[in-house]
Amino acid sequence: MDTTIQNGCYAVTGWDSGTALRIGLNPAKDSFYLLVGNKTWTQFAPNTPYDIRIKFDSKAAWDITATGLKFYANDATYLHAEGSSFAFLDEFMVQREMKITHNGAPLDRLPLRGSARALREVIACQKEVDAKGVAVSEPVARAESLVDGVVGDGEAVASN
C-alpha cells in the first residue's frame, strides 16, 4: 500500500531481463498507474515525457505518454504513466505477453504469468482499505498478505 497516494494498493514484479514493473491503483485520482524500468534503459531522464507503445498479444496497441521518474540517484529511471481507461488493466490481466516500445524500438517483451491473480489481489486490497477507512498510519491486516518483491520471472506479487 502506498500512503503517498491515499493508500493505493499495487503489485510489483520483475523479469530476468532486469525489467521491473509496478502497477497499482490511485484512489485519490480514481485511476491506475504503471511504473516500468530497467537499468539498461539509459536513454530516459527524470521529469521528461516519452511516448511509448504497449501491446498485449494481438490486441491493438496502447499509445501512452510516460514521464521519467527516478527514485534514487543510482537507480534506473522508470517510466511512469497514469490512466483512467480500466480496459488497459483488463488486457493486462488476461493477455499472455506485454511488448513495450519507444520510437519503434523494442524495450522489452514481458510474459504476464500471474498478472490476473496479482491484480485481483490489488483490487481486493483496495476494497478492504476503502471499506475500513484505513488511516495513513494504520497497516492493513490480512491473513494471506503478500509482500513486495520480485518472485520470479514476471510472477507478480501484491502489496497491502
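Given the options Phe56, Phe44, Phe92, name the one that is hydrophobic (A, V, I, L, M, F, W, C), buried (at least 17 other Cβ atoms within 10 Å of the Cβ) and farther than 23 Å from Ala118 by Cα.
Exactly one of Phe56, Phe44, Phe92 is hydrophobic (A, V, I, L, M, F, W, C), buried (at least 17 other Cβ atoms within 10 Å of the Cβ) and farther than 23 Å from Ala118 by Cα, namely Phe44.
Looking at segment 26-48 only, could you name the residues that are at pLDDT 85 or above, not aromatic (Phe, Trp, Tyr) and not in a loop (DSSP other than H, G, I, E, B)?
Those that are at pLDDT 85 or above, not aromatic (Phe, Trp, Tyr) and not in a loop (DSSP other than H, G, I, E, B): Leu34, Leu35, Val36, Gly37.
Could you list all residues from segment 65-85 that are over 20 Å from Asn38 (Cβ atoms) and more than 13 Å from the chain's Cα centre (by Cα)?
Ser84, Ser85 - these are the residues of segment 65-85 that are over 20 Å from Asn38 (Cβ atoms) and more than 13 Å from the chain's Cα centre (by Cα).
Consider Asn38 against the criteria (1) touching a helix residue (DSSP H, G or I) at 6+ places or on another chain (Cβ under 9 Å); (2) more than 19 Å from Val94 (Cα to Cα); (3) surrounded by 12 or more Cβ atoms within 10 Å (Cβ to Cβ): it satisfies all of them except one. Which criterion is unmet?
The number of the failed condition is (1).
Being at pLDDT below 75 and acidic (Asp, Glu) is true for just one of Glu138, Glu121. Which residue is that?
Every option except Glu138 fails the conditions.
Kindly indicate whether Glu82 is part of a helix (DSSP H, G or I) and within 19 Å of Gly24 (Cα to Cα).
no
What's the total number of residues in segment 85-121 that are in a strand (DSSP E or B) and of a type in the set (D, E, K, R)?
4
Pairs please, first residue from segment 4-15 and of a type outside the set (S, T, N, Q), second anywhere and at pLDDT 75 or above and in a loop (DSSP other than H, G, I, E, B), Cβ atoms under 7 Å, 6+ apart in sequence or on different chains.
Every condition considered, the pairs that remain are Ile5/Ala28; Gly8/Pro27.
Mind checking which residues of segment 99-132 are crowded, with 16+ Cβ neighbours inside 10 Å, out of contact with any helix residue (DSSP H, G or I) (no Cβ under 8 Å at 6 or more places or on another chain) and within 25 Å of Lys39 (Cβ to Cβ)?
If the condition is that a residue be crowded, with 16+ Cβ neighbours inside 10 Å, out of contact with any helix residue (DSSP H, G or I) (no Cβ under 8 Å at 6 or more places or on another chain) and within 25 Å of Lys39 (Cβ to Cβ), then Ile100, Thr101, His102, Leu107, Asp108, Leu110, Arg113, Gly114, Ala118 are the ones that fit.
The values are calculated or read from the model by the stated rules, or taken from the named source; none is laboratory data. Worth saying up front: this structure is predicted, and the values here are computed from it rather than measured. All Cβ positions, glycine included, derive from the backbone under ideal geometry; neighbour counts span all protein chains shown.
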